[in-house]
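Take a look at the structure below.
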Amino acid sequence: MSAETSRVALPEIRTILYCTTLGPHAPYVFGYACTLADRLGARIVALHVVESLNKKQKALVEGYTGQGSLANLISEAHDRASRQLPEHMKNTLAPVAGEDLWDRIVQQVIIAEGRTSRQILKHVESTNADLVVVGAHTESSVIDRMIGSTARTLVKSCPVPVLTVQVPSGLNETHEL
C-alpha cells in the first residue's frame, strides 16, 4: 500500500464557534480564533451566553424583590443585552484582528440565554461549527469544583474538537498576541 493511498483526508474547518464571557482575557482567546480562521479561510461565529438563574436563585431573588418582578427584570436585561452586547463584543474584539479582518471572518455575533454549556452545544449544531474555541483558566471557585467548568464540560461532550486556550497567569487586559 503506497503512502498516497493510505493518507487520511484532513478535516475541513469552515466554521469556528468562538465562545466568550467578554471578560478581560476575551481578546487574548479571540486572537487564537482569528489566527485559525485567517489561515484556514474559515468564518467565526462569536457566541456570548447570558447565564440564566436556576430555580433556587430565582426564588431567592423573588424573595427580596417580590413575586413576578424577577421575570420583568430578566426580560428587560435580556432585551438590553441583545441590543448592546453585539456592538460591545465588536468594540472589544475587533481591535485584535483589525477592522478589515473582523469584517472578513466574523460572520455572526450571537447572544443567547441559558446554561452556558447547553447553549454552546446547541449552537455547535445550529451553526454547523467544525471547531469550538473557548478560554480556560486555572483559578477554580467552589462552584467550579462542584459543577465543573464550561471548558471541561465541552471537552467531554462536544461533538467537534474544542480548542481550550489557556490564559497565562499574570496576563493583563492590554496584552497583545
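With G114, G148 as the choices, which residue is closer than 27 Å to A94 by Cβ and modelled with pLDDT under 90? That would be G114, the only listed residue that is closer than 27 Å to A94 by Cβ and modelled with pLDDT under 90. In region 83-136, how many are open to solvent by 40 Å² or more (accessible area, probe 1.4 Å), in contact with a Cys (Cβ under 8 Å, 6 or more places away or on another chain) and closer than 20 Å to T150 by Cβ? Of the residues in region 83-136, 1 are open to solvent by 40 Å² or more (accessible area, probe 1.4 Å), in contact with a Cys (Cβ under 8 Å, 6 or more places away or on another chain) and closer than 20 Å to T150 by Cβ. Please work out which residue is most open to solvent (accessible area, probe 1.4 Å), limiting yourself to region 13-50 and to residues that are within 14 Å of V160 (Cβ to Cβ) and touching an Asp or Glu at 6+ places or on another chain (Cβ under 8 Å). My answer is R14.
Each row is one residue, and each column tells you yes or no for (1) of a type in the set (G, A, S); (2) on the phi < 0 side of the Ramachandran plot; (3) assigned to a helix (DSSP H, G or I); (4) modelled with pLDDT under 90.
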| residue | (1), (2), (3), (4) |
| --- | --- |
| A46 | yes, yes, no, no |
| S52 | yes, yes, no, yes |
| K56 | no, yes, yes, yes |
| V61 | no, yes, yes, yes |
| L70 | no, yes, yes, yes |
| H78 | no, yes, yes, yes |
| E87 | no, yes, yes, yes |
| P95 | no, yes, yes, no |
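The values are calculated or read from the model by the stated rules, or taken from the named source; none is laboratory data. All values derive from a computational prediction rather than experimental measurement. Note that we place each Cβ from the backbone using ideal geometry, even for glycine, and neighbour counts take in every protein chain shown. The accessibility values were calculated without ligands, DNA or RNA, using every heavy atom of the protein model including side chains. Shrake-Rupley method; radii C 1.70, N 1.55, O 1.52, S 1.80 Å.
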